[in-house]
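Peer 1: Below is a structure I'd like to ask you about.
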Amino acid sequence: MGHGKQGGHGGHDHGAMIADFLRRFWICLALSVPVVLLSMMFRDLTGYTLDFPFRNGVVLVLASIIYGYGGWPFLTGMIGELRNRQLGMMTLVAVAITTAYVYSVVVSVGWLSGMDFFFELATLIDIMLLGHYFEMKSVAGASHSLELIVQMLPSDAHKVNGDTISDVNVTSLAIGDVVLVRPGERIPTDGEVVEGDSAVNESMLTGESVPVQKALRDTVIAGAVNGEGSLKIKVTHRGEDSYLNKVVKLVEEAQNAKSQTQTLADRAAGWLTIVSLSVGLITLVTWLWLGKDVAFAVERMVTVMVTACPHALGVAIPLVVAISTAISAQKGLLIRNRTAFEEARKITAMVFDKTGTLTEGEFGVTRVKVLSADMDETTLLGMTAALEQQSQHPIAQGIVREAQKRKLDLPSISNFQSITGKGVTATVNGKSVVVVSPGYLKEKEIKLPPDATGSDAETVIFVLINDQLMGYVALADRIRDDSKEAVRRLQESGIKVYMATGDNQKVADTVAKELGLDGVFAEVLPDEKVTIVKDLQAKGQFVAMTGDGVNDAPALAQANVGIAVGSGTDVAAETADIILVNSKPTDITNLVDFGKATYRKMIQNLFWATGYNVIAVPLAAGVLYPNFVLSPALGAVLMSASTVIVALNAQLLKRSLNPKQE
């Protein structure tokens with residue numbers, strides 16, 4: 001509670017606040033030395049007295065400075081909490097130190113007989129300031145991962161003007177400018193490759209550990225590290241709109257957003273404050289009623305209030321949130337909805353969209369079959385690609401990609417024509433070449449070769465030269481390499497895995513069989529996916545929907561956890577709770593694991609923060625008196641220690657999340 005949520009995450013304000021607490025601590029510590037040496041408590045403990053005229057006056061002045069200067073953050077914090085009608089940690093500390101100070105002043109000026117509390121007051125404020133300093137350092141450390149992401153953006157770029165290259169500030173770049181990225185340099189801006197090719201390492205941005213090959217017309221992300229080749233890049237997004245800035249904004253929003261667990265912690269801290277104030281007053285009244293002097297009763301009350309500070313409770317959740325969101329972002333998981341992320345542990349049914357999620361979303365050549373002795377595979381594929389390079393159809397592009405992969409020289413073509421709904425035709429080296437679907441063969445009454453029907457998941461196109469069937473090329477939307485492992489891991493976690501696709505039943509069944517899915521829904525329109533999610537929910541399932549952020553928006557919104565996949569550098573998947581930067585299915589299993597680990601760490605922290613109070617508060621109230629009495633200073637030490645332990649426990653989350661790199 002209190003200041004734990006102020007100052008954003010790691011910004012200048014937060015840094016200034018940390019420095020301010022440390023400065024107040026050192027000044028108050030220096031002033032505390034004479035206060036302790038001149039106090040009645042020190043005299044009673046050591047039997048040594050430093051006496052001189054106005055001794056009490058000097059102690060009173062020094063203690064007043066410590067109370068005013070050292071206690072200022074707590075007193076102003078209390079005013080803020082009272083204004084918001086949300087009592088918390090600051091109120092408790094402020095009431096405790098004010099009670100101790102006022103009582104000590106009254107004793108010091110002789111209006112009450114007894115022992116003053118200046119010794120306890122000084123040490124208490126010192127410990128509270130130091131405890132706050134350590135807590136704030138921990139919070140700042142938690143958002144350090146986010147700062148690392150921000151630091152990945154280079155400040156300068158090599159701008160290309162015709163034949164000259166000049167170094168300019170990244171902020172001065174405009175859309176359409178061309179920049180040069182030399183080997184080993186960070187890419188300064190989101191853009192499109194206009195010259196060169198190179199492997200680019202995007203692991204800090206997308207979680208994709210393998211460098212990605214980039215060539216002409218490929219998109220690149222600011223902050224990624226260029227490999228061995230030089231690239232010329234045309235700027236497509238300026239600073240504010242860059243992928244990296246969107247990620248940072250999203251992570252900051254997620255870190256500042258409240259989840260149900262955070263709200264629970266806030267409520268618990270609020271109640272603990274009320275309980276602590278009540279128990280403090282009851283302690284005071286009880287000891288006075290039992291005949292103890294005012295000094296003893298006030299000391300017990302102050303100790304209860306300080307010991308019971310819901311400090312650890314205030315930091316328990318925000319720290320875990322800050323760490324988990326920043327690390328998840330580095331692993332290619334962008335969290336837009338905190339509660340959904342924490343509830344990933346409850347998922348019982350996972351519905352995948354097929355194309356682009358479980359499969360690669362683009363057709364790849366699976367077989368090239370030659371049916372004539374006058375033809376070889378290379379020539380057949382080269383001719384087919386020469387005709388298909390005119391087309392934007394996914395199948396045509398799949399054939400062209402295969403030819404490029406095999407580095408084939410494509411023959412020149414003439415008289416290119418499209419045969420509506422059937423294929424294409426052109427003249428190659430004086431011969432008439434036709435690339436068509438099976439329907440064209442049936443129409444011309446040409447017999448299909450026996451193995452040309454292939455598997456149900458394949459699409460086959462045929463090549464005819466001068467009306468003679470020369471061969472065929474089979475293509476399929478290939479299943480992703482890690483889909484099988486992802487399905488297996490999800491099923492091992494007790495999650496049922498379903499697939500919903502617009503493809504026909506045969507193709508869907510083939511993919512489902514290969515992956516061992518629990519169920520499949522085929523020939524489904526995007527808006528019908530909502531019904532599938534609702535039906536599963538009606539059966540008591542906690543459903544996660546994984547799909548395209550645009551097409552599957554209604555289903556993503558309906559699901560308990562909506563995961564947008566394949567959004568790549570487009571971070572604006574509005575209806576999704578979580579965005580996967582890569583389309584890797586194993587990232588989804590990581591998401592479930594991350595969600596479980598994060599929730600586990602939150603519960604551990606809540607347990608520690610509240611459990612400590614259950615033991616420490618009765619001791620502070622004096623239940624073991626006269627055998628054991630907890631002093632206010634020791635109570636403050638314990639309270640600070642519990643906060644530091646909670647902070648360290650949150651940092652351990654990094655260990656449990658980091659080994660899960662793919």
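The values are calculated or read from the model by the stated rules, or taken from the named source; none is laboratory data. Quick caveat, the model's predicted, so the values are computed rather than measured. As a convention, Cβ positions derive from the backbone with ideal geometry for all residues, glycine included, and neighbour counts pool all protein chains shown. Keep in mind that these areas ignore ligands, DNA and RNA; they rest on the heavy atoms of the full protein, side chains included. Shrake-Rupley method; radii C 1.70, N 1.55, O 1.52, S 1.80 Å.
Peer 1: Can you work out the FRET efficiency for the pair Thr378 and Phe134, with r the C-beta to C-beta distance and R0 = 51 Å, to the nearest 0.05?
Peer 2: Using R0 = 51 Å, I get an efficiency of 0.15.
Peer 1: Continuing with this model, one more query. Between Leu264 and Asn627, what is the label-to-label distance in nm when each label sits 7 Å out along the Cα-to-Cβ direction?
Peer 2: 3.5 nm
Peer 1: So, one more: Indicate, rounded to the nearest 5 percent, the antiparallel portion of the DSSP beta bridges found entirely in the stretch 349-496.
Peer 2: 95 percent
Peer 1: Would you list Phe594, Phe296 from the most to the least accessible area, probe 1.4 Å?
Peer 2: These residues rank, largest area first, as Phe296, Phe594.
Peer 1: How much net charge surrounds Lys422 when only the other residues with a Cβ under 12 Å from the Cβ of Lys422 are counted, with Lys and Arg +1 and Asp and Glu -1?
Peer 2: Surrounding charge for Lys422 is +1.
Peer 1: Now for a separate question. Please list, in chain and number order, the residues 5+ apart from Leu173 or on another chain whose amide H is under 5 Å from its amide H, with Hs placed from the backbone.
Peer 2: none
Peer 1: Would you rank Arg23, Arg655 by solvent-accessible area, highest first, keeping every protein chain in place and using a 1.4 Å probe?
Peer 2: From most exposed to least exposed: Arg655, Arg23.
Peer 1: Which whole-angstrom value gives the distance between the alpha carbon centres of the stretch 440-497 and the stretch 275-337?
Peer 2: About 63 Å separates the Cα centre of the stretch 440-497 from the one of the stretch 275-337.
Peer 1: Would you mind calculating the gained length between Arg55 and Leu82 on full extension (0.36 nm times residue separation, minus the Cα-Cα distance), in nm to one decimal?
Peer 2: 6.0 nm
Peer 1: Name the residue from Thr366, Thr378, Val428 whose Cα lies farthest towards the positive end of the charge dipole of the stretch 327-436, charges +1 on Cβ of Lys and Arg and -1 on Cβ of Asp and Glu.
Peer 2: Thr366
Peer 1: Could you give the nm distance between label points at Ala199 and Ile282, where each point is 7 Å from its Cα heading toward the beta carbon?
Peer 2: 6.7 nm
Peer 1: I would also like to ask the following. Run the numbers for Asp163 and Lys346: contour at 0.36 nm per residue of separation, minus the present Cα-Cα distance, in nm.
Peer 2: Stretched out fully, the Asp163 to Lys346 stretch lengthens by 60.0 nm.
Peer 1: Set the Förster distance to 51 Å, then compute FRET efficiency between Asp156 and Leu290 from the Cβ-Cβ distance, nearest 0.05.
Peer 2: Working from the Cβ atoms, E equals 0.10.
Peer 1: Among 558-565, 540-547, what's the highest-first ranking by average C-beta atoms within 10 angstrom per residue?
Peer 2: Per-residue mean Cβ counts within 10 Å order the peptides as 558-565, 540-547.
Peer 1: Okay, next question. Can you tell me the equivalent ellipsoid semi-axes for the stretch 329-423? Use √(5λ) from the Cα gyration tensor, largest first, whole Å.
Peer 2: So the three semi-axes of the stretch 329-423 are 43, 15, 14 Å.
Peer 1: Okay, next question. Could you check the spin-label model distance between Tyr69 and Ala215? Points 7 Å from the Cα along Cα→Cβ, value in nm.
Peer 2: Result for the modelled spin labels: 6.9 nm.
Peer 1: Under 13 Å from the Cβ of Ala621, count the other residues' Cβ atoms, weight Lys and Arg +1, Asp and Glu -1, and hand me the total.
Peer 2: Residues close to Ala621 contribute a combined charge of +1.
Peer 1: Can you pull out the GluC sites (Glu not before Pro) in the stretch 424-523 that DSSP calls coil and that have at most 15 other Cβ atoms within 10 Å?
Peer 2: When the GluC sites (Glu not before Pro) of the stretch 424-523 are filtered for loop state and at most 15 Cβ neighbours within 10 Å, Glu445, Glu523 remain.
Peer 1: Compute the length gained on full extension between Ser230 and Asn429: take 0.36 nm times their separation in residues and subtract their Cα-Cα distance, giving the result in nm to one decimal.
Peer 2: Full-extension gain reported as 67.8 nm.
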